[in-house]
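Before any comments, here is the structure.
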Amino acid sequence: MESLNTLFDIFSKERRRYALYALDQADGPIGIQELANQVREWEAEEEPVASALVNRHTVLDFTISLLA
């Protein structure tokens, strides 16, 4: 059961999932710098979406506090 918990912990981090996906999609071995660049690129693509969700959540919290 401990190994299953470790596995879930590993996959709970988005950056680790990105790294594993990049390694899976590679045609062969890739360097650590290339891997880091790819992960960074994917993380940068998601930031606007994450920021929009955070902003929406903040507005929603503020609205709910006004109604309470």
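The values are calculated or read from the model by the stated rules, or taken from the named source; none is laboratory data. Here the structure is a predicted model, which is why all the values come from computation and not from measurement. Heads up, the Cβs are rebuilt from the backbone with ideal geometry, glycines too, and the neighbour counts pull from every protein chain shown.
In this structure, does R56 turn out to be modelled with pLDDT of 60 or more and surrounded by 10 or more Cβ atoms within 10 Å (Cβ to Cβ)? So R56 fails the test.
Can you give me the number of residues within the stretch 16-52 that are at pLDDT 85 or above, surrounded by 11 or more Cβ atoms within 10 Å (Cβ to Cβ) and part of a helix (DSSP H, G or I)?
Of the residues in that region, 18 qualify.
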